[in-house]
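The values are calculated or read from the model by the stated rules, or taken from the named source; none is laboratory data. It should be emphasised that the depicted structure is a prediction, and the values quoted were computed from it without experimental measurement. Reconstructed Cβ throughout: ideal geometry from the backbone, glycine too, with neighbour counts over all protein chains shown.
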Amino acid sequence: MIPKIFISSKIAENDSVACLCSDLKETASIQVTETEKAFLKKKLEKEDTCTISRYPHLLFFGKIKTDKEPYLQAEMARVAGTKLYDELKAAGETSVQLTNLCIAGFLPELLEGLLLNGYTFDKYKSEKESFKIESISIIDEHITDEKIKEIINTTKATFVARDLVNEPLSFLTASQFSKEIEKLSEEAGFSLEVFNKKKIEALKMGGLLAVNKGSIDPPTFNILEWKPENAKNKQAIVLVGKGIVYDTGGLSLKPTPNSMDFMKSDMGGAAGIVAATYAAALNKLPLHIIGLVPATDNRPDGNAYVPGDIIKMFDGTTVEIKNTDAEGRLILADALSYAKKYKPQLVIDCATLTGSADIISGPHAAVVMGNTPEHMELLKQSGFNTFERLIEVPLWEEYAAPLKSPIADLNNLGTREGQSTIAGKFLEHFTDYKWIHIDMAGTAFRKEKDAYRPAGGTGFGARLIYYFFKTMIN
């Protein structure tokens with residue numbers, strides 16, 4: 001639940017207050033006793049936040065270090081918002097006033113961290129989370145109602161992505177995924193077309209159909225479209241998301257501990273692009289955006305595709321299957337080929353694609369590669385601004401060599417070494433436009449909470465891509 005958020009002209013008495021500051025001199029406008037001032041000084045010399053209890057209310061200070069880069073200062077404000085939420089929850093305080101004492105600002109990020117840390121996924125719990133912040137007052141002349149609305153909507157979108165990733169296969173089959181997208185489309189105003197299995201067969205999407213062969217549930221191919229009348233781009237920006245709603249590895253079966261047990265998250269890329277489209281529609285961004293989500297689970301049933309099979313993709317490319325656990329690139333390849341029909345300005349695909357990407361970046365960044373440097377720089381800057389950071393790797397031709405097959409056009413695996421880029425080279429084969437590939441294997445799902453990023457689905461990609469969209473407008 002998002003609390004009521006409003007702008008106020010002054011700090012009210014008898015309510016909790018949270019301030020951002022970079023120097024104790026900036027706190028002069030906040031009335032504190034000499035004892036509190038001494039405590040505040042001592043605490044902020046060692047830590048980045050300080051809470052003074054004025055039962056039943058709180059006085060909270062978040063310190064922004066001016067020697068840090070601006071994007072790191074912004075992240076300090078988000079983390080301060082996280083700690084503020086925890087302090088309010090511990091005190092049972094359901095309302096708070098936010099004000100900024102820093103010259104540099106960052107109150108929007110404080111609000112963002114506070115809101116993002118309020119996420120819970122307790123749908124399947126008998127005891128629900130009872131604490132909710134009910135109201136937040138903003139005292140900052142630089143923040144507008146429009147900015148507050150944007151933060152609320154990007155937070156809602158992030159929660160959508162988290163919910164989708166956290167849902168188990170017992171609920172979120174490919175067909176149910178389409179129904180969830182339909183609910184979002186009705187709320188936000190984007191359109192949705194869903195191809196059923198018969199249509200997918202008619203289109204000869206061999207990658208999606210091969211991966212689905214071992215499943216008792218049919219696949220879907222989802223086309224989301226946000227096309228406002230005032231769109232500034234003549235050619236659509238196309239997003240492609242890997243929608244493997246559960247991945248056993250197929251006949252190349254994964255081990256269960258620390259692998260298959262987290263594979264409900266293998267549609268994290270699809271969740272991110274659905275959420276980004278949802279946010280763009282909620283905020284009425286003047287951009288034409290199309291989202292493509294091929295969806296299925298990957299199971300080892302009796303008719304499952306096997307290593308050694310040769311399949312024909314949507315664009316006619318033949319692929320020798322070396323490993324059925326390299327399935328994400330197969331469904332993405334069909335979608336990337338389908339994207340050509342739109343003659344797109346740019347295509348971005350998002351996927352939890354390779355363990356190699358997790359080894360490169362861990363949970364701290366996603367791995368990115370592509371063929372359009374000008375868009376890449378804007379996307380990486382969006383990564384810094386949202387703290388959904390990206391590490392770029394090159395797409396050198398040498399990485400394509402392991403994908404050669406003696407009996408087909410390509411094989412779907414290559415070598416273990418350089419696997420994240422080899423997978424990228426496989427996808428590149430199916431593109432003929434400006435394209436960026438995001439491998440978010442390490443960032444879509446966390447085993448432990450980290451500040452405002454919860455254990456479970458993180459919602460990675462929703463804010464990153466939304467704020468990248470904004471750079472395409474300006």
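Of note:
- Close contacts from the stretch 21-42, counting a first residue that is within 19 Å of Gln73 (Cα to Cα) and a second that is β-branched (Val, Ile, Thr) and part of a helix (DSSP H, G or I), with Cβ to Cβ under 9 Å and a gap of 6+ residues or different chains, come to Cys21/Thr27.
- Among residues of the stretch 385-427, those that are surrounded by 17 or more Cβ atoms within 10 Å (Cβ to Cβ) and in a helix (DSSP H, G or I), counted: 15
- When Ser9 is tested against (1) closer than 30 Å to Lys128 by Cα; (2) among the hydroxyl-bearing types (Ser, Thr, Tyr); (3) surrounded by fewer than 21 Cβ atoms within 10 Å (Cβ to Cβ), exactly one condition is not met: (1).
- The stretch 432-456, residues that are crowded, with 20+ Cβ neighbours inside 10 Å and within 30 Å of Ile321 (Cα to Cα): Trp435, Ile436, His437, Ile438, Asp439, Met440, Ala441, Gly442, Thr443, Ala444, Phe445
- The stretch 338-366, residues that are among the β-branched types (Val, Ile, Thr) and either outside the structural domain of Phe384 (by TED's automatic domain parsing) or surrounded by 21 or more Cβ atoms within 10 Å (Cβ to Cβ) (or both): Val347, Ile348, Thr352, Thr354
- Residue match in the stretch 250-264 (condition: surrounded by fewer than 20 Cβ atoms within 10 Å (Cβ to Cβ), assigned by TED's automatic domain parsing to the domain that holds Val194 and assigned to a strand (DSSP E or B)): no
- Residue in the stretch 62-69 that is touching a Cys at 6+ places or on another chain (Cβ under 8 Å), more than 19 Å from Ala279 (Cβ to Cβ), hydrophobic (A, V, I, L, M, F, W, C) and buried (at least 24 other Cβ atoms within 10 Å of the Cβ) present: yes
- Selection from the stretch 211-221 of residues that are touching a helix residue (DSSP H, G or I) at 6+ places or on another chain (Cβ under 6 Å) and either part of a helix (DSSP H, G or I) or not assigned by TED's automatic domain parsing to the domain that holds Val245 (or both): Val211
- Contacts under 8 angstrom Cβ, first residue in the stretch 189-212 being under 18 Å from Tyr305 (Cβ atoms), partner basic (Lys, Arg) and in a strand (DSSP E or B), 6 or more apart: Lys204/Lys312; Gly206/Lys312
- Just one of the listed residues (Ser191, Ser175) is among the polar types (S, T, N, Q) and either outside the structural domain of Gly250 (by TED's automatic domain parsing) or under 23 Å from Asp301 (Cα atoms) (or both), namely Ser175.
- Residues considered: Ile273, Ile290. Of these, the only one that is closer than 21 Å to Pro228 by Cα, crowded, with 24+ Cβ neighbours inside 10 Å, modelled with pLDDT of 95 or more and assigned by TED's automatic domain parsing to the domain that holds Ser191 is Ile273.
- Of the criteria (1) buried (at least 19 other Cβ atoms within 10 Å of the Cβ); (2) assigned to a loop (DSSP other than H, G, I, E, B), which one Pro307 fails: (1)
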